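These notes concern the structure reproduced below.
Please treat every number below as a calculation from the coordinates, not as lab data. No experiment lies behind these values; they were computed from the predicted model shown. Don't worry about glycine lacking a Cβ; one is built from the backbone with ideal geometry, like all the others, and counts go over all protein chains shown.
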Amino acid sequence: MTHKHAFKALEKTLKDIMSMKNPLAKDQTFSGKTVLLGGDFRQILPVILQGSRADIVLASISHSYLWDSFHKFSLKTNMRVNQDEKEFSEWLLKVGEGHPESVEEDGDDAYREQMIIIHNSLVQEFKDDSLKQVLDAAHGDVKKLKASQSSYTDKTILTPRNDTVDEINAYTISKNDGESRDYYSYDSFEISDTQSDQNDSLYAIEYLNSMEFPGLPAHKLTLKVGPPVMLL
């Protein structure tokens with residue numbers, strides 16, 4: 001995920017530092033230091049704000065003048081899938097290399113070449129109660145979850161949006177027996193050095209409670225005895 005300019009800055013910095021005592025270091029890649037990189041170009045590439053596909057690819061270390069100086073070693077075994085899931089493992093490799101079975105549509109549509117066909121075994125047909133369907137597919141009956149570590153760690157629900165996470169969490173809580181309790185965050189603000197008679201209107205408690213920030217919990221947390229809680 002690291003932008004190629006970061007590696008360029010590192011190399012120039014090492015040359016500046018090391019050449020103070022060894023002038024020959026100016027002519028060595030990374031000033032002669034061993035640099036070990038680990039990653040997979042099939043996964044997340046550098047993030048370029050408002051960048052096109054070409055901008056993202058060109059920001060990768062593989063398009064840097066330093067890339068030819070590296071020795072490449074490839075890992076052959078996919079440790080993220082069970083070794084008996086050979087067909088699924090091969091399909092993942094095809095997706096990563098850009099050679100999966102694609103959607104046959106109008107060739108003039110540039111986005112069609114980026115679309116792939118997902119095998120039916122990996123798809124749950126959408127029904128009326130989608131939240132129940134997701135929960136049942138992952139954990140089964142939440143009321144019968146065993147209080148063991150494997151019952152929580154072996155299965156995970158992933159979603160790209162935090163709003164969906166909140167929906168799934170609220171649904172899971174609602175399906176468990178017992179009385180729920182609500183816990184609230186501290187809902188006041190600290191007065192700055194600049195005094196103002198409008199603080200109460202500018203920073204209304206209701207407004208503060210409605211704000212949500214990445215990496216921070218929501219103002220209201222609802223819990224019951226039984227459902228799993230993940231602490232980070």
Worksheet, complete the sentence: Ordering 59-66, 224-231 by per-residue average of other C-beta atoms within 10 angstrom, highest first, gives 59-66, 224-231
Worksheet entry | Computed label-point distance, nm, for sites Q133 and Q83 using a 7 Å Cα→Cβ extension | 3.6
Worksheet item: Which cross-chain or sequence-distant (5 or more) residues have an amide H under 5 Å from the amide H of V35, H modelled 1.01 Å from N in plane?
Response: none
Worksheet item: Taking K76 as the anchor, which lysines have their alpha carbon closer than 17 Å to its alpha carbon, excluding any fewer than eight residues away along the same chain?
Response: K86, K94
Response to the item:
A student asked for the Cα radius of gyration and Dmax of segment 1-93 in angstrom ought to give 17.5, 56
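What FRET efficiency, computed as 1/(1 + (r/R0)^6) with R0 = 30 Å and r the Cβ-Cβ distance, is obtained for S62 and K94, rounded to the nearest 0.05?
Numbers: r = 20 Å, r/R0 = 0.67.
About 0.90, to the nearest 0.05.
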Worksheet item: Could you put T153, T2 in order, starting from the residue whose Cβ has the fewest other Cβ atoms within 10 Å?
Response: T153, T2
Response to the item:
So R161 and I118, fully extended at 0.36 nm per residue minus their Cα-Cα distance, gain in nm 13.4 nm
